[in-house]
Amino acid sequence: VNALPIVAMLGFLFGLILAFQSAVPLKYYGADLFVPNLVALSLLREMGPLITAIVLAGRSGSAFAAELGTMKINEEIDALRTLGLDPVRFLVTARVLAAVLVMPPLSVFANFFGLAGAALVMGSFGFPLVTFCNQVMSAARTGDLLGGLFKSLVFGLLVGAVGCLRGLQTGAGASAVGDSTT
């Protein structure tokens, strides 16, 4: 939930920038009607999941590394092993699963706000919202959204796994936690 404002802001700005940067050259060729198509496909297929993955890596991946690194420095992971608990199963699985499950809804959120930013730009160029929506609906298919959501699942798995791996690889000393987090 704490990631929603930053994901919304970045999605909105990416949609705004994509629309503005593509509208100017396409207007030169009389193809500015296709800006919503370009923005919708870019956001749904690639940019929405990528933006969300970057935010997740910065917020949650580094937090996973810091938490697990601190636990390793404080010998809490060794204590789990002494109790007969597998630290990977006990600590890592839940974090990776959380990252995988939260990525698709956050990506949809980023896509929505990105399209809102693009709609604002197109409105400022004199295109009605109905035209924008019709162009998006004609260009974007369910497969585009599902492909982006699949990518977001993979990104969530990678971000969660790498963050936890770096935390478990933390060396000795307080500066090692900072190094692992970075």
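The values are calculated or read from the model by the stated rules, or taken from the named source; none is laboratory data. Quantities reported herein were computed from a predicted structural model and do not represent experimental measurements. Neighbour counts are summed over all protein chains in view; Cβ atoms, including those assigned to glycine, are modelled from backbone coordinates with ideal geometry. Note: accessible area is taken over every heavy atom of the protein model, side chains too, but ligands, DNA and RNA are not part of it. Shrake-Rupley method; radii C 1.70, N 1.55, O 1.52, S 1.80 Å.
Can you tell me which of 44-54, 4-14 comes out highest on packing, and rank the rest after it, using the mean Cβ neighbours within 10 Å? Present the calculation step by step, with values, prior to reporting the outcome.
Working: 44-54: 22.7, 4-14: 18.1.
In descending order of packing, they fall as 44-54, 4-14.
Give me the compactness ratio for the chain, meaning the Cα radius of gyration over 2.2 N^0.38 Å. All intermediate terms of the calculation are to be shown ahead of the outcome.
On the way: Rg = 20.6 Å, N = 182, 2.2 N^0.38 = 15.9 Å.
In units of the globular-protein estimate, the chain measures up at 1.29.
Report the one residue of Ala116, Val92, Thr181 whose Cα lies farthest in the direction of the positive end of the charge dipole of the chain (charges on C-beta: Lys and Arg +1, Asp and Glu -1; origin at the Cα centre).
Ala116
On the accessible surface of the chain, probed at 1.4 Å, how many percent belong to carbon and sulfur atoms? Show your work: numbers first, answer last.
Values: 6920 of 9810 Å².
Its accessible area is 71 percent carbon and sulfur atoms.
Would you kindly derive the ³J(HN,Hα) couplings of region 121-133 from the backbone phi angles with the Karplus curve 6.51 cos²θ - 1.76 cosθ + 1.60 (θ = phi - 60°), listing them in order in whole Hz, with x for Gly and Pro?
5, 5, x, 6, 8, x, 8, x, 4, 4, 5, 4, 4
Please state the charge dipole magnitude for region 6-125, taken about the Cα centre, from unit charges on C-beta atoms (+1 on K and R, -1 on D and E), reported in debye and rounded to the nearest 20.
Details: 7 positive and 7 negative charges, 42 e Å.
Using Cβ point charges on Lys, Arg, Asp and Glu, region 6-125 gives about 200 debye.
Can you give me the accessible area per residue for region 42-182, using a 1.4 Å probe, in Å²?
Working: 7410 Å² over 141 residues.
Using a 1.4 Å probe on heavy atoms only, each residue of region 42-182 averages 53 Å².
Alpha carbon centre of region 4-57 versus region 136-182: separation in Å?
Computed from Cα coordinates, the inter-centre distance equals 21 Å.
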